[in-house]
């Protein structure tokens, strides 16, 4: 399995609006792409900025390319992203998932 990791930064005051934008664009497209195994969005506020990381999981690099195109290392952006993002990072990172435990079954989160 492959993890695709992307990072973006918004103004903290617009973080919830950006998350809604993500739901309507990238997150929707991730889960509709064959070979996607899920996506997680994590964020942290630091002063007036909010950093987002999106970690999407894929069956293979071929599945990633179905989503991202031939140049899988390039970030993919949607209309209106530049209205929210303070930087448009050009590249993403891909990792081989060595182990993934979704629910260890102990009832604690």
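Some observations on this one:
- Output for region 32-44, where each listed residue is more than 14 Å from residue 1 (Cβ to Cβ) and surrounded by 12 or more Cβ atoms within 10 Å (Cβ to Cβ): 33, 41, 43
- Search result, residues across region 8-18 that are surrounded by fewer than 17 Cβ atoms within 10 Å (Cβ to Cβ) and in contact (Cβ under 8 Å) with a residue 24 or more places away in the chain: 11, 12, 13, 14, 17
- For region 23-62, a residue qualifies if it is free of Cβ contacts under 8 Å to residues at least 12 places away in the same chain and in contact with a helix residue (DSSP H, G or I) (Cβ under 6 Å, 6 or more places away or on another chain), but none of them does.
- Test set (1) closer than 17 Å to residue 20 by Cβ; (2) modelled with pLDDT of 95 or more - residue 56 fails condition number: (1)
The values are calculated or read from the model by the stated rules, or taken from the named source; none is laboratory data. All of these numbers come straight from a predicted model, not from anything done at the bench. For neighbour counting, all protein chains shown are included, and Cβ atoms are generated from backbone atoms with ideal geometry for every residue, glycine included.
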